[in-house]
Each structure stands twice: as structure tokens, then as C-alpha cells.
Amino acid sequence: MAKKYITQILGPLVLGVITALAVLTNYEPGTILTGWDNFHSEYNFLINLKRAFFALWQEQQGLGLLGGMAHAADLPRQLILATLSIVLPTNLIRYFWTFAMLFIGPLGAYFLVEKALLRGQVASKLAAFITGLFYLLNLATVQYFFTPFETFVSFYGFLPWLIYLGLRCLKRGSRRDFLLFFLTSLLATPSFIVQTLFLVYLIALSVFALEAALRQKMTGFKKAAKLFLVVLFANSFWLLPAGYFSLTSSKVVTDSKINSIATPETQLMNQETGKLSDIALLKGFWFNYLDVGYDNKFDYLIGPWRDYLSLPKIEVLGYGLFIASVVGLFLFLATKTKNWGFSPLLLSFVGYLMLSSNNPPLGFVFNFLTNSFPLFGEIFRSVFTKWSVVFALSLSLGLGLLVYSISRLIKGRSLVISIVVAAILSVFIVLVTLPVFEGNLIMRAGKLKFPGEYSRLFQFFKEEPKEARIAFFPIQSFWGWNFYNWGYRGSGFLWYAVDQPILDRAFDVWSPYNETYYHEASTAFYNNDADALKKVFDKYDVSYALIDKSVIAPGREKEYLKFEETEDILKEMGAEKVFEQGFLVVYELESPRDSFVYAPQSFSVASSKTDYSRRDLVYQEVGDYIGTSLPDYPSKTYPFSDLFREEIISPDYEDFGEASIITMARDIEDKNAKFLNIPKVVSGSKYNIPSQISYDGRFLTISFDSPVKASVGGVELEMPELADLIIEPRVDREKLLLSINSQVVEVEKGKKTDAVFVISADEFIDVQIFDTQKGSRLDISKEFLSSKINICWQKEGAENVVEGRTIGDSVAIRVKDAAGCFAFRIGDLGANGGILSISLPYKSLQGSRPDFCVVAEGPDYKCENDEIFYAEMASTDWSAVSRRMVLPANTVYWVNIAARPPDAPGEEWTIEYKSPKIETYPLIFRTTFDTRVWTDLKYDSKITLPDGAESLKLTIFAPGKKIDFVRSGRKEAENCDVFERGSVEKVIDAGLITYKTFDKAAICDFVPLAKTSTAMEHLIRFSGKGVSGRPLKVYLFNKGTLRNDLEVILSGREFDKTFSIVSWPGISDSDYVLNLEGRSLGREVSENLIDDVFVYDVPISWIGQFSISSSDVKPMENALKIDSNKKLNSYIYKAKVEIKEGDGGLLVLSQGYDPGWVAKANGIKLMHVKVNGWANGWVIPQDSIGKTELMTVYFIYWPQYLEFLGFVLLLAGLGFVILTKDVGVDNEDEREVQ
């Protein structure tokens, strides 16, 4: 008896001991298990249990949103851990669940084999032990636990048990079996917080159900049907909410900015490890994933495992185990049994099919499913995290079944041979995963000491009002991932301990309104605009600003995060510091409301498109507004409000030399529209003003056009424009040089000259005229050839080279890690000043670019001319760079000519110069026009629309600046991968550039946009082709804010994309650097072709405020006043509302707009509208206004009742299992072998 008992428990006991050893070597006392994606329910079980029980509306996630993850599925885990928290300290709770899953997973695999697939023999126990051991110790398990996430580790732990108990139901069909399966399914629901894993589980279970149905015929079919019915009952409380999200809001996830970049990259990284060589070892994309180490430098996330598996012997052992497993699966298929045969092999095949992604030989199947069902590709974008454990379980079964099959095939000493085979396999399994016992099952950066400052922060917010939203700082990036100087890196954790909603990037993928808040807040903040930021906070009902100064930006200076500037701007807007502990600071804002339910004093009706916008000009103009036209309310429509999104849809371009005519058309939604409302220009803002100049020998006339032309149905509207300027210069010349605000144009008598001037709105216009006939030329050819070339800059610690030599009438300068300069005195430009014109001939060798600088004599070195080096092209033929500049009188000037080195250290450039052509032109007339020139544009105006207007078309004449990556980009391809893996190519053919990367390489190219001012607004247009691999990524670096204003990928086989660039008037006028990055992430070569890149100056803000209306629209006085209100739960609010005199009635719930929110007043359902572009609002009927009475309004998020229905179905399922009869019970305990 004792011997039999020992035999029964020996396998599980040994597995438990090995698992305990893995636990002991991976636990670090005094630390918490945190980082990456994490659930920290233990920080406040009460609020997290409530969020799981009322899981549909996740109020704490920024502005509130429909939960995109199955939060209700986490209820069992939280209830278990909340109970255990009575005895377990907080820092051990997450460790406990993670290690508990590590324990039960291998035990489940053991019993799956020993109790379900095989029965009653010693060989079956050996097979079960090997199955459990490999399931514990394989690379898929390592990658699941290295960055442990609750849903993944739970899936790992419960999957074998669900399959085991499911097989018992399919074989025996007893009520007891179904009841045990039902209860385990309920406990296992945390496995499906990421709902895709539920689909994976159903497919895995279906494999065995299929075999049961084929073998047992109708009885098997009934058992399978009942089994899946029980699965649905047990999971209904989270499955119904998840289904609702999938049907109504899944597009939000795919449209988010983060996923627009992350999804294709994740797919390609998974494809890279979809080769048989990687699948056999269970190596996923984690092996190629880069993370930031303690030295703030990028390194491989699982570096220790990469190093260990690079040992040839270990790799051979890994492949040996794979081959042994496959042999075992086929041998088991050959050993015909009563119940199970092909299902383990089929499970392995399905797992391989999914892990191989689009790789041959079965990639065509995956591609077919992806192309036929796009949702399939989105669901399984990261196939490894979804399918690796299933495949690992199938390989575990294969190894176990190999031991069993050998015992069946070999007669005589089969038991001894089975023991020997099992021992050899055990040694191989342990050797392949030996780093597990060296503390490398869980990343060391995930075991940290938790700073006490956070505990005090949690306590502070526990005492603060709960209906108060917190804005998290810094807001340097749109990525929902932060790094901290105390070791943490991941998606965040504060909201698990704090009841108040927190605006954090981790939630942006689930809500367009959260992402829009980020765009608006970061734009206002980095523009140093306290007023604009205050309006953003008011719009989104932000009550607190939390600054975490432990956040770091790897590879960037601390100043990039702007901690000091954050506090300064908060103080400027009147915020008060209410908490400070170490690196944590909290400011309380002056909030206009103290509840999420309110009635604004006044509101407007303004139809607009502000999702994903970086500025809400509608809110800035009118304050609170309803974003939908209503029949009983006067309204405006802002047809071009979407111009503040990053990507602009469907502009048309017609090219005219160096300029383009950009056309944008929008439908007129309001069929009663009568007026086009033109806003006044913003004082001080810069506009491109098209003009026509004529000169008849006496008068010079400058006629200005409107910056934008408008037409309706082909009829051009009369737009406001600047007044004409008429000048009498009192000279008669064939040619004159005209300067408007220092912008110079040559004018010929008797001819009309077209020009575009950049003019600051509502400011004086300075007009100067210069004489071309009395110009003089300065000859410096002798000094040029004899001047000494000096080192004017050098790189420290490098071999600095500056060498000059004379070649006929030119000077060639060779430089390396240093710049060579030589200067010439020009003198002054007379008593009145004048125009200085310089044309410098040059010829480039090795990609060098020209440079010169005109400076005033004195201590301050400031270039009077525009940027040259970054603005001009390299040229292998003789070319010339020219500049004209208007200079004042009585100042001596010098011209400094430079030869600058390439950016890459150690590389040489040689450039050849000839003596510059230097000419001066005296001033003969000057006048200034005051702001009356702007009269028609400095005030709002109104244009009557033709009857029946259906669409509005705007036409903008915009000079285009071509960004030439052929001549101004890198001459040689540069591999910018951190480890310089693979190879890169930059191929230039007929003016087109093709970027190619191979074997995980990255290619980087850049062009400084020296003539693209941050003080103006622009459109940037990219056209080209994505041939294969990951599309090109664009970074537009703002030198003023020190961050990327644009980070996008140019997706599409053929792309023609336009993006808007906002202005930054709050910072010093600066410019941009445009960077392109191509990267090889998968097995395909990344190949992308760039055709054209153009930048256009376009007044986005001004155009965005154009509106259409049927009458004069003014803010309406709200007839409603909140008497009292109460939040009953996250999904239900109650308010008593007083109706008084007013123009209209509007109630607002400060939660992200969702059609699921309904409001009823005295039993009447109110009309649902979107307020301020993001919040829920309801208008009361006009016939109710003026009746002085109180009405009770309930605001309810009705989809929450789907979860409640699921709880009812859960109980119904329990009753169904208990009350239904057994289905074809098979009580045979011994396996029959045919």
C-alpha cells in the first residue's frame, strides 16, 4: 500500500521540488515583482475588485472608456489574493500568484498524461513526469515568465488543467467531471484578460473534441457540445462584455497612433522567429527584443539566454528534444488506443502552423487567413505570446508519449529502458534551461525595491475628492511606456492604488479621446503656453497635475523631460503645490467643477472633427460646445477642423515650378447654410501672401491676394485681402530691387512680377527700394587665393585635418573632424545701408556642401544671411550658392567662408571654392505702411454663400521646399542599428532613393530643414513605395522643443501622405531636422523607395477656424442648473436638475463619449450628444425650458448589464451542470490497447 502511494505521488513530488528550486533561485527577498505589463491589484484590493465587478466602464483609465481588456475575468484571481492578503505581505502577493502558476502548470501537464491520455501503468507515470518537466523547463515558459504578466502566467498555469479536465468530460461524461471542469474554468478566467487567449484555448480544446466526436460518434458529439456549452457558461460574465467591445470599439485599438506603428513591427518580429529552427527551440521574438539596461544603454532583453543558447552543445540538445518529441507524437499515433491518438499530433501541427506565421512551407495558409479575414491578422499579430505555450504543451506531450510508446514497442525489459530514456531526457531538459536555476527565469529588472514615496502618494490621494482627474507628467512621448531611475520600466502602476482617474499614455490605445488629450496637452506644454494648457485642463476636467521626477528618458538629457518648466507653467496658471515627497510632486488646479456631472453656464453648437487633434480651436474660440448639429439650435460647422490631426486626408496638389496649388474640399453638411465665416488673422502670426508687383517707371504697385481662396460649386468667393500698396520711388530705372520686410524681389519696368512674401499679421510692413544701376562690385580675387585657412572648429580627441591648396583660380580645402575658415572684409554699405549680394562658386568632392556667413564686425558672431550648409546641395559640377541680404548703415561687414566636415567621425570631405561675386546696391527709397493695410483681415468677416451650396473648396498657393535626400542626405548608407547588425544600402537612381536593410539592420538618413521655421505652420508631403518589410519611419525633430513633432510610418505599397506641422510661437524661432529610418525586423528585406518630399507653408490655424452657419451664432445661456448629484457607481450617476429660463438645456457627464451612456429624466430618454469633442452630453426638449421645476436624471452605462447577465448565466451554468444527466458515462479505468 505504501509502495503504491509512493508511486502515485513520486512524480508530482519531484516536479514540485524542481519547481521550488526554480522559485527559490528567482525570488529576491525585500523586493516586489513589477515592471513591463503588470497588474498590481494588491495596492488596493477594494477599488480593483470594484473595477472588476463593474468592469464595462473603466473610469480610472484617463477620461473613462469601454474596457478593451476582459477586466471582469480577473475577478477570481483578485478574490483569492484579497483573501490571502490577510496573511501575505503586499510585496509577496504578485510573487505568490506568479509562482503558483509555475507550480500548477507542470502538475496539470503531469495529470493530463497520467490520468487522461494514459492510465494505470508505471510507464504512464514516467511519461507524465517527462511531460510535466518539459512543460516547466522550456524556452516558451522562460519567455512567458521573464516579463510576467498575469494573463499569460495564468494561461500557462491553467491550460493543462483545462485540457485534462476537458478530456475527462469527453471520455467519461459524468456530472462530477463536468462540475469539476466548470469550477476550474471559473478559476481559470484570469487566463483570458487578453481575450485572444480564449480563442487559442477553444481551438486547442476543439482538437481533442474533434477526435472524441469521431471516435464516439453521436455520444462524443453530445459530450463535446455540452463541454463547450459549459465553457461559455463559466466564462459568460467576462465574455459578453468582451464581445460587446469587439463589436463596437475594436477599430479604436487599430486606429491608435501607438498601434499604427507597433502592429506592423510586432508582426514582422514574430515572422522573423517563425522559422522551423526557432520554433523547434521555442525561441520567440523576445530573443531579438532590445531593452534599456541599468547603464541606460540598449541591450538584449534576455541577454543571458541568448549567450547560453549560443553554445553549440546546448542548441544541439534543444533540437534533439524537438526531434524526440515529434517522434513521440508519431509513435503514439501508431500505438492505436481507444480514446486518443491523433489529437496530440494535430495540436502540435496547429501550434506550428500559427507560430510559423507567413514563413514557408505553410505560410500560405496563414497569409490566406490574414488576407481573407483582416481581423485574424490583427488578433494574431503577436503569435508567439498567444501560441507558444500551446505548442510547448504539445511538445511536452510528445516527449512523454515517446517514453510511453517505447515501453509499448519494446518487449522484455521495457520498464528499465523507459526509465533510462526518461533519465536521459530529464538531463537534456535541465541542461537546455539551466539558467532558470541561476535566477534568470524572471528578469532581474523586474524584482525591485518599491520607493516609499509612492505609498505616501497613495495615502494622499486616498483623502482627496474621488471625482477629480489627475494629469501625469512628464508628457514627452506618446508611447505608453516609461523608464524610471529606480529600475522600473513598463506601462505603469499608479492607477491600481489611486481611486481618481489618471491621464496616462497607457490608456491611449483604448480611447481616441485619451490620445487627443495627450496631443493637445503636450502641444500647449511644449509651446510654453500656460493659457492654452489651462484651457486643455478645463476642457478635460483635470484637477491635479502629478509630476514624477524619477522618470528618465534613456539616451536623452534630463532637461528633455522639462521638470522645472512643468512646475513653472503650473504656477503660472495658478496651480498650488499640495504634495511633495522626494521625486513626487502634486499640484492642485483651479477647477471650475467639483463633480463629473455638471451643467455649463453657456454653450454653443459647433459641428467639428477634433479626434486626434493637437489643438481644439473650436473650444478655444467658443468654450463649451456640442459637436453635433441640432435642429432646434443655431449652429456652426467647422469643415476644416481636422487639419490639426497629424495626417491630413485627401489634399490635392497641382505643381507650378517651385510652388504648388493645394486644394482641400469638404462637404457642407448644413443644407440651410448661408454664410462662410472668415476668422480674423492672428496678430503676429506669419502668413504667405501671394502678390503681383508692377512698375511703370513712376509708380510701383503691390497687389496682394488672400492667403486662401474659396469657391462653392465652381463659383469663387470674394475673400478678404490686404490693401494694395502704391509707392512713388521718384526714380526711373529699368530694374529695381524691392524689399518687403527684408525679402528681396527683382522688379522690371513694364512687367508684372509674381512673388510670395511672408508677412506678420497686423504688423507694420517695411518697404525698401534699392538701385540696381548704382550698384558696385567688390573684387577680392587676389586676397581669396592668398588667404590663410584657419581651423575654426575641431572635434576633441580626434585627428583634426584642415589642408588648403590652390588649383588655378580656385581653392580646394580638405577637412576631417575639423572645419577650415577664411574671412574677407567687405566694409560698410554707406550712409543709408543697402543690399549685399554674394554668389559663391563651389564644387563638391565626397558629398561636401558649401558654407559662408556674413557677420558684422564686433564681438557678437551672428550670420546675417540665411542658413547655407544645411540648406544647399552638394554638387560635383561647378555651381553657386547665392544670398541677398538687406543690411543697415554704418556697420562694417565680413564674409567668412568655411569648409565643414561630415558628421561621421574620421571621414574626410573636400570642397573647392572660387572667389565670390560680391555686389552692393544702395537704398534709394524707404517707407512703412501701418496696420491699416490689414483692415479687411484683422476683423472677423462673413461671406454669403450661393443657394444650394453642397461643398466648399479652399485653394492655397504655397511655395514648396523640396527636401532632397539625394543631394542633402547622407552620401553613404549608414547602419544605425545599436549592434550594427546586418547590412544596408542606399541606392540612388534617376533622382529616386531606395533604402534597403538586411538581417536586422537599420538605415538612417536625415536632412536639416533650415528654411522651415517653427514659428509657422506647414504641410509635409511624402510620396514613394513600400516594396517589402517594415515601411519607412519618419521622425521630424524640433530643435526648439528638443523632441519629435512627428513620428509616423509611411505605410502602403504606394503612398502619398500629407502631415500637418503646427507652429510653436511660444519658443524661440528655430527649425527642424527630418529623419528617415528603414529597419529590417523580419525575414524579409526591408525595401522602401522615396520619390518626393515637400514642405509647404500653410496657415492651418486660420483655415481650421473657417466656419459655415445659417445665422449669427452666439453662446446660449443654459437653462439647467445642478441642484445636487451623486455618483452611485462607475456606471450610474444621479442628479437633481433645476430648469430655469435660458436658450437651451445641456447636461454633461465628464466621461469619454460612448453610445452606451443613456440619460433619463422623469422617465423620458434624453438626446445624447458629444460635448467638447469628447464628453457625454444630453439636451432636454425645448418645450421643457422655462418651466421652473426639479427633475431627476439618471445617467446609466447600459452595457454594464451584460456583465450582470453573465453572472446570471454563470449561475445558470452551474445549475445546468448539476441538474443535467450524465452523457454516455464510460467508467473504464484501464486503457485498452488494440
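The values are calculated or read from the model by the stated rules, or taken from the named source; none is laboratory data. All of these numbers come straight from a predicted model, not from anything done at the bench. Glycine gets a Cβ as well: all are built from the backbone with ideal geometry, and neighbour counts include every protein chain shown.
One residue alone among PHE1207, PHE1216 is under 30 Å from ARG176 (Cα atoms), surrounded by 14 or more Cβ atoms within 10 Å (Cβ to Cβ) and more than 40 Å from the chain's Cα centre (by Cα), and that residue is PHE1216.
Conditions tested, residue by residue: (1) over 25 Å from LEU24 (Cα atoms); (2) more than 36 Å from the chain's Cα centre (by Cα); (3) modelled with pLDDT of 95 or more.
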| residue | (1), (2), (3) |
| --- | --- |
| VAL421 | yes, yes, no |
| VAL430 | no, yes, yes |
| LEU457 | yes, no, yes |
| PHE473 | yes, no, yes |
| SER477 | yes, no, no |
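Remark: LEU179 matches the filter, which requires a residue to be modelled with pLDDT of 95 or more, within 23 Å of LEU1219 (Cα to Cα) and part of a helix (DSSP H, G or I).
Of everything listed in (1) buried (at least 17 other Cβ atoms within 10 Å of the Cβ); (2) modelled with pLDDT under 90; (3) closer than 30 Å to GLU1047 by Cα, the single unmet condition for LEU570 is (2).
On the given criteria, is THR663 more than 26 Å from the chain's Cα centre (by Cα) and within 28 Å of VAL756 (Cα to Cα)? Answer is yes for this residue.
Answer with yes or no whether ARG967 is in a strand (DSSP E or B) and touching a residue at least 24 places away in the same chain (Cβ under 8 Å). No. Applying the criterion of being in a loop (DSSP other than H, G, I, E, B) and not basic (Lys, Arg) to the residues of the range 638-654, the residue that is nearest to HIS519 (Cα to Cα) is GLU646. Among the conditions (1) under 18 Å from LYS125 (Cβ atoms); (2) touching a Gly at 6+ places or on another chain (Cβ under 6 Å), the only one that TRP387 does not satisfy is (1).
Matching residues to (1) among the basic types (Lys, Arg); (2) touching a Ser or Thr at 6+ places or on another chain (Cβ under 7 Å); (3) within 30 Å of TYR921 (Cα to Cα):
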position	(1), (2), (3)
SER776	no, yes, yes
LEU785	no, yes, yes
LYS795	yes, no, no
ASN800	no, no, no
ALA812	no, yes, no
GLY834	no, yes, yes
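Among the residues of the range 933-949, is there at least one that is touching a residue at least 60 places away in the same chain (Cβ under 8 Å), part of a loop (DSSP other than H, G, I, E, B) and on the phi > 0 side of the Ramachandran plot? Yes, the range 933-949 has at least one match.
Does SER660 satisfy the condition of being under 17 Å from PRO1099 (Cα atoms) and not assigned by TED's automatic domain parsing to the domain that holds VAL1093? The answer is no for SER660. Restricting attention to the range 894-932, the residues that are assigned to a strand (DSSP E or B) and within 30 Å of VAL801 (Cβ to Cβ) add up to 15. Does any residue of the range 858-872 turn out to be more than 42 Å from the chain's Cα centre (by Cα), surrounded by 13 or more Cβ atoms within 10 Å (Cβ to Cβ) and touching a residue at least 12 places away in the same chain (Cβ under 8 Å)? No, because not a single residue in the range 858-872 is more than 42 Å from the chain's Cα centre (by Cα), surrounded by 13 or more Cβ atoms within 10 Å (Cβ to Cβ) and touching a residue at least 12 places away in the same chain (Cβ under 8 Å).
Whether any residue in the range 257-272 is in contact with a strand residue (DSSP E or B) (Cβ under 6 Å, 6 or more places away or on another chain), part of a helix (DSSP H, G or I) and surrounded by 15 or more Cβ atoms within 10 Å (Cβ to Cβ) is what I want to check. Looking through the range 257-272, at least one residue is in contact with a strand residue (DSSP E or B) (Cβ under 6 Å, 6 or more places away or on another chain), part of a helix (DSSP H, G or I) and surrounded by 15 or more Cβ atoms within 10 Å (Cβ to Cβ). In the range 505-564, the qualifying residues are those that are within 23 Å of SER491 (Cβ to Cβ) and of a type in the set (Gly, Ala, Ser), and the one that is nearest to the chain's Cα centre (by Cα) is ALA506. Within the range 673-687, the presence of a residue that is exposed (fewer than 15 other Cβ atoms within 10 Å of the Cβ), more than 30 Å from LEU923 (Cα to Cα) and out of contact with any strand residue (DSSP E or B) (no Cβ under 8 Å at 6 or more places or on another chain) is excluded.
Put simply, of ASP1112, ASP1091, ASP1069 the only residue that is out of contact with any helix residue (DSSP H, G or I) (no Cβ under 6 Å at 6 or more places or on another chain), part of a strand (DSSP E or B) and at pLDDT below 95 is ASP1091. For residues that are among the aromatic types (Phe, Trp, Tyr) and over 35 Å from the mean Cα position of the chain (by Cα), scanning just the range 177-192, find the one that is surrounded by the fewest Cβ atoms within 10 Å (Cβ to Cβ). Step by step, filter the range 177-192, then rank; the result is PHE182.
So that you can scan it fast, the table gives a plain yes or no per residue for (1) polar (S, T, N, Q); (2) farther than 30 Å from PHE537 by Cβ:
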{"site": "SER396", "(1), (2)": "yes, yes"}
{"site": "LEU399", "(1), (2)": "no, yes"}
{"site": "VAL416", "(1), (2)": "no, yes"}
{"site": "ARG456", "(1), (2)": "no, no"}
{"site": "GLY480", "(1), (2)": "no, no"}
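Just one of (1) surrounded by fewer than 20 Cβ atoms within 10 Å (Cβ to Cβ); (2) modelled with pLDDT under 95 fails for LEU1009. It is (1).
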